[in-house]
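Before any comments, here is the structure.
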Amino acid sequence: MEYGLKPYTNKGTSLGYITSGSVPNANLKPTSTYSFEVGMDVRFLDNRLGLDFTYYQQITKDQILSLPVSQSTGYSRAMINAGEISNKGIEASLSLVPVKTKNFTWDANINFAKNYNEVVKLHEDVKDFELAAARWANAFIYASEGQPYGVIVGKKLNRTEAGEVIYENGLPTFDDKVSVLGNGNYDFTLGFRNAFSYKNLSMSVLVDMKFGADVYSMSKMQSHVNGTSKETLEGREGWYASEQARLSANVDAKDWTPTGGYVGKGVKAVTDADGNVSYVPNDVYVDPAKYWQALQNSSPEPFICDNSFVKLREVSLSYSCPKKWFVHTPIESVTLSAYGRNLLLIYSKVDNIDPESSYNNGNGQGFEYGSLPSRRTFGFGINVKF
């Protein structure tokens, strides 16, 4: 516990206070991890075909969590031991040599990894723990019991049983409570490396693949709110024409039925004379700017995207100079090399952003906003042995 003195006194008596905002916990324990792993490594055809396979399981208990407490206690947070997180998965590597001759060799290696994690339990009084937040965009990253660690949480669009979005006065409606909308963890990853060598020349190519994660792209959301996305063009001219007609007719906006604008795809509720509610296709024109602003104000759901991608991660080239060049010198060998990393985004389901961009350096996995793309790097080297 840390103490301090206030910069003023009471009738000449110094006033002290506790500087720490967290309740001290003398019984705090270190986090414990229990793991189990089994695997095999087999080789065939004089090492031209190999398989390395591993299955693992890991349980982490007594995680140290900082939970909010009532300010009336004199503190803002309390440090406690709580939670149990399970991780289990497989890692596999297949290596093969498809071609091997006197002067030419082709080596290939495929790596596969799949991990499943689950927040088994947190605390008897806490079922959801906030890991990261973008409050201005109404989205959060939670550790929630029974869910993978780090799910994307926010308000859902209200929908019918058939999955159609429900509109009211031309604008989408939203659930009052937050729900899980996505998962920032990848279902599985793949790496594919090919290495070719011909005499003294060698080349290696690595392709990196990740599939199954979600990302809340706040860059995409902001481009819709600002009207810079192509999708926001729909209904814009119709709304302008409707407003021109309204102004020409000198009619107040509340007394005018728009003749053009954006029509949200979904349904609206209608009530008959007997009070029965049914749904019909939404046909109400609204200002496109108000439509996209309503989504930003309430729900991240339309801007949660599949973050799968395939990248050309690295290409390297090397040349080993013939040893006969250095017969009468103290030099044993010289190798010249060049490489490039993050060279090409081959496939991505998210437009206009780098799928490896992030919102912050903490637990905000699954968030993206205004991030710079990964740096593309090139390098050259010379290795001399004596």
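Numbers for the structure displayed
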quantity	calculated
Close pairs from region 291-306: first within 26 Å of N185 (Cβ to Cβ), partner polar (S, T, N, Q), Cβ under 8 Å, at least 6 apart	Q296/N138; Q296/Q222; S298/N138; S299/N138; P300/N138; F303/S217; I304/S217; C305/S217
K102, sole failed condition from (1) farther than 30 Å from G50 by Cα; (2) not in a strand (DSSP E or B)	(1)
Test for K290: is it at pLDDT 95 or above and part of a helix (DSSP H, G or I)	yes
Residues located in region 155-181, provided they are crowded, with 18+ Cβ neighbours inside 10 Å and at positive phi	G170
Long-range neighbours under 6 Å by Cβ, at least six apart or interchain, first residue touching a residue at least 40 places away in the same chain (Cβ under 8 Å) and part of a helix (DSSP H, G or I) within region 219-244, second among the β-branched types (V, I, T) and surrounded by fewer than 18 Cβ atoms within 10 Å (Cβ to Cβ)	S242/T259
Selected residue (criterion: farthest from L190 (Cα to Cα)) from residues of region 81-95 that are surrounded by 16 or more Cβ atoms within 10 Å (Cβ to Cβ) and either over 24 Å from the mean Cα position of the chain (by Cα) or of a type in the set (A, V, I, L, M) (or both)	N81
Qualifying positions in region 29-76 - part of a strand (DSSP E or B), surrounded by 15 or more Cβ atoms within 10 Å (Cβ to Cβ) and more than 27 Å from the chain's Cα centre (by Cα)	G50, D52, F53
Test: E118 is part of a loop (DSSP other than H, G, I, E, B), at pLDDT 90 or above and among the charged types (D, E, K, R)	no
Subset of region 58-98 that is β-branched (V, I, T) and modelled with pLDDT of 80 or more - its residue that is nearest to V38 (Cα to Cα)	I90
Tally of residues being in contact (Cβ under 8 Å) with a residue 40 or more places away in the chain, part of a strand (DSSP E or B) and not polar (S, T, N, Q) across region 327-386	14
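The values are calculated or read from the model by the stated rules, or taken from the named source; none is laboratory data. Remember, it's a predicted structure, so these values are computed and weren't measured experimentally. Because the Cβ atoms are built from the backbone with ideal geometry, glycine has one as well, and the counts that use them run over all protein chains shown.
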